[in-house]
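Presented below is the structure to which this report refers.
The values are calculated or read from the model by the stated rules, or taken from the named source; none is laboratory data. Bear in mind the structure is a predicted one, so any value in this text is a computation, not a measurement. Glycine also receives a Cβ, built like all others from the backbone with ideal geometry; neighbour counts cover every protein chain displayed.
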Amino acid sequence: MKAHPFDAQIDARRCLECDEECNKCIDVCPNRANVSIRVEGFTQIIHMDALCNECGNCGTFCPWEGDPYRDKVTVFSGEEDFKNSRNPGFLLKGRDLNYRFNGEVSRTSVDNPDLPEKIINVFKTIKEQYDYLLGVVE
Ligand code: SF4
Ligand code: SF4
């Protein structure tokens, strides 16, 4: 676990839930695999699995405890990639939504209203406002 470079006063602002971001993980990614979106009034870092080559830069430069390419909500575009990852996040295939939350994988319809809040808020926001992020990346 990385040492925190600042003091406890600033620690309260850390980007575990992305309510206060520094955006370094966006800047240092050579592949633009981390993006910032607005979810219910907050900014949130989203990770794009298909664009990431796991170089580790974003984890190295994150000033807090984050490993953005591993712990941010991740948009997947391939089934194998989804299966082989442990990241929280989702894969949309037609109307089937595969998602992983707290390590558990589930499959449901996009119309299911009982999805975990963290996943569904991000998913809905992307679907409604950032749908270009859902395009399949080869
Ligand atoms: S690990 Fe992935 S997201 Fe992080 S900097 Fe490297 S390519 Fe970008
Ligand atoms: S580098 Fe770390 S603290 Fe900064 S926005 Fe990314 S995940 Fe959050």
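What the table below lists for this structure:
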read-out	value
Residue in segment 70-77 that is in a helix (DSSP H, G or I) and closer than 24 Å to Val28 by Cα present	yes
Residue in segment 58-73 that is away from ligand 2 (no atom under 14 Å from the Cβ), among the aliphatic types (A, V, I, L, M) and within 14 Å of the chain's Cα centre (by Cα) present	no
Segment 49-60, subset surrounded by 15 or more Cβ atoms within 10 Å (Cβ to Cβ) and within 8 Å of ligand 1 (Cβ to nearest atom), residue farthest from Phe101 (Cα to Cα)	Asn57
Flag for Asn102 being touching a residue at least 24 places away in the same chain (Cβ under 8 Å) and either more than 16 Å from ligand 2 (Cβ to nearest atom) or surrounded by fewer than 18 Cβ atoms within 10 Å (Cβ to Cβ) (or both)	no
Subset of segment 27-48 that is more than 12 Å from the chain's Cα centre (by Cα) and within 10 Å of ligand 1 (Cβ to nearest atom) - its residue that is surrounded by the most Cβ atoms within 10 Å (Cβ to Cβ)	Cys29
Search result, residues across segment 38-71 that are out of contact with any Pro (no Cβ under 8 Å at 6 or more places or on another chain) and within 16 Å of Cys22 (Cβ to Cβ)	Phe42, Thr43, Gln44, Ile46, Thr60, Phe61, Trp64, Glu65, Gly66, Asp67, Pro68, Tyr69
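Matching residues to (1) basic (Lys, Arg); (2) touching a helix residue (DSSP H, G or I) at 6+ places or on another chain (Cβ under 6 Å):
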site	(1), (2)
Cys25	no, yes
Val35	no, no
Pro63	no, no
Asp71	no, no
Gly78	no, no
Arg86	yes, no
Glu104	no, no
Gly135	no, no
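Condition check ((1) touching a His at 6+ places or on another chain (Cβ under 9 Å); (2) modelled with pLDDT of 65 or more; (3) more than 8 Å from ligand 2 (Cβ to nearest atom); (4) not in a strand (DSSP E or B)) across all residues:
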{"site": "His4", "(1), (2), (3), (4)": "no, no, yes, yes"}
{"site": "Gln9", "(1), (2), (3), (4)": "no, no, yes, yes"}
{"site": "Asp19", "(1), (2), (3), (4)": "no, no, yes, yes"}
{"site": "Cys22", "(1), (2), (3), (4)": "no, yes, no, yes"}
{"site": "Pro30", "(1), (2), (3), (4)": "no, yes, yes, yes"}
{"site": "Ser36", "(1), (2), (3), (4)": "no, yes, no, no"}
